[in-house]
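One structure below.
The values are calculated or read from the model by the stated rules, or taken from the named source; none is laboratory data. As the structure is a computational prediction, the values presented were derived from the model and not from experiment. So basically every Cβ, Gly included, is an ideal-geometry build from the backbone, and we count neighbours across all protein chains shown.
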Amino acid sequence: MSTSDERLARRASSELPETVNAADVTSWSDEVDVLVIGFGIAGGSAAVSAAAAGARVLVLERAAAAGGTSAMAGGHFYLGGGTAVQEATGHQDSPEEMYKYLVAVSRAPEHDKIRAYCEGSVEHFNWLEDLGFQFERSFYPGKIVVPPGTEGLSYTGNEKVWPYIEQAKPAPRGHSVPVPGELGGAAMVIDLLVKRADELGVEIRYETGATNLVVEDGSVVGVSWKHFTETGAIKAKAVIIAAGGFAMNPEMVAEHTPALGQKRRTKHHGEVEPYILGNPNDDGLGIRLGVSAGGVAKNLDQDVKAGKFREDLFYRLSVVTLRVPALKERRTDIPLLAEHFLATVLEREGHKQLTLSEESIRTLVAYSWPGNVRELESAIEYAVLHARGHEIAPEDLPEKLQSAQVRAAARSPLSALFEDLPSLDELERRYLLYILEVAGGNRTRAAEILRVDRRTLYRMIERYGIDSNGE
Ligand SMILES: Cc1cc2nc3c(=O)[nH]c(=O)nc-3n(C[C@H](O)[C@H](O)[C@H](O)COP(=O)(O)OP(=O)(O)OC[C@H]3O[C@@H](n4cnc5c(N)ncnc54)[C@H](O)[C@@H]3O)c2cc1C
């Protein structure tokens, strides 16, 4: 195997690195109060906080620059309890209401952690702004994941959705950095963290990866590192592992979140390769380092490890079955749930490979599901038993899904437009995109088709945050 193959194999591994016994370390390259592994948003924040409290801090960063996945992120922070943006835009909130909402949406809420997060949220907000930027004191009305412009506040969660609206007084809590767009906004925060770390005397050693934890009497007392061909060990009173996730480690993805690594059927592009966003160093080494010294990786618990359940889906399922009985009101979840049930049944039955045809998915989405998720699960079990080819056809689904009404709705190309029950605004945005496409990007022509003047068209384009490519 070539060196790069070996490196790839190591990255892809789900093996635990061995711990090093402190007694076997012949010399320490450094001795510090706090050693942080990784300078993403977690490591950067920990390093700055520790240094501000007077600790001598050293950060090991495997990449040539700080940022990790955080530098790719949009920069949307879930904060509340009465932040300055909430107050400036006239939205009342309290830590108690934020706590009630987060408990309501959590499958197995850890009350003390949620409580601490909510009670510290205003302080967290102030801490971020003290780095040297301001969230815009403006509100984007409407539910959205990423506001179209630089609006500082929006509803990014389900606070106003039943049943949560009855369980906690809703308030918008999605705080966005003043950088438009879905990606990269958080890089601004990383730059400010690096600057603050520098001012506080934090040393960052780039292209230096932590390889093993050093232990003594069951405690972590240091870290082994590698910088190209150089190696060494650092002694530290505290070690903070903030080395990101495991999205780029196919073996760990297959083991813990298998659906993420599988090809997906999409409405418009047929079967597509797995699409995983992340940073190349998201290879799970940080998690494995923690586990190597006895840490417990809670989200990788035994049921998930045994392949019995994909945890994130289980989370969604529980929310669906326990709190949102009307599956028909969550039609966008239907394809994902159906594919999960299909994978489970196939594995359980040791069945041949089977997929859901495009039209079957549309049929499932068109049906009203009075029996909710359980009914969907039995429909998939039924279809597996009745399928004749390699694909589940609409005819293989239970009889109640064969009604003329359901089949007509599934066949109608228009239903695809509405299947996720968009708001009127969203529908208008989609139509606008469609017309811009039809007009080949020619705005004069688009305005003619829409029978509006060009200024109105420009206002609409701006309102919906459509860029010059019509996207
Ligand atoms: C496209 C995209 C958009 C997103 N948008 C948002 C958003 O708007 N809001 C939100 O809350 N979340 C968002 N997320 C999720 C969010 O980015 C991550 O949860 C977050 O960045 C994780 O931060 P981190 O500090 O834990 O890890 P990272 O930012 O990945 O930092 C880990 C660092 O550790 C380094 N490292 C790894 N291994 C070692 C080692 N052995 N030794 C030394 N260094 C090591 C890495 O090089 C990296 O720099 C988004 C994610 C993606 C992919």
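Considering only residues that are over 20 Å from the mean Cα position of the chain (by Cα) and basic (K, R), look in region 153-178 and name the one that is surrounded by the fewest Cβ atoms within 10 Å (Cβ to Cβ).
If we take residues in region 153-178 being over 20 Å from the mean Cα position of the chain (by Cα) and basic (K, R), then K160 is surrounded by the fewest Cβ atoms within 10 Å (Cβ to Cβ).
For P148, which of the numbered conditions (1) closer than 17 Å to P95 by Cα; (2) within 16 Å of the ligand (Cβ to nearest atom) fails to hold?
So P148 meets the others, but not (1).
Is at least one residue of region 202-212 over 18 Å from F39 (Cβ atoms) and in contact (Cβ under 8 Å) with a residue 24 or more places away in the chain?
yes
Does region 6-28 hold any residues that are assigned to a helix (DSSP H, G or I) and at pLDDT below 95, and which are they?
Selection gives E6, R7, L8, A9, R10, R11, A12.
Among the residues of region 29-82, how many are hydroxyl-bearing (S, T, Y), assigned to a loop (DSSP other than H, G, I, E, B) and surrounded by 22 or more Cβ atoms within 10 Å (Cβ to Cβ)?
Qualifying residue count, region 29-82: 0.
For region 382-441, enumerate the residues that are among the hydrophobic types (A, V, I, L, M, F, W, C), out of contact with any strand residue (DSSP E or B) (no Cβ under 8 Å at 6 or more places or on another chain), in a helix (DSSP H, G or I) and modelled with pLDDT of 80 or more.
Selection gives L385, L401, L424, L427, L432, L433, I435, L436.
Look at region 11-58 and say how many of its residues are under 19 Å from L128 (Cβ atoms), of a type in the set (A, V, I, L, M, F, W, C) and within 13 Å of the ligand (Cβ to nearest atom).
The number of residues fulfilling the criteria is 7.
Inside region 262-281, can you point out the residues that are within 16 Å of the ligand (Cβ to nearest atom) and in contact (Cβ under 8 Å) with a residue 24 or more places away in the chain?
Passing the criteria: I276, L277, G278, N279, P280, N281.
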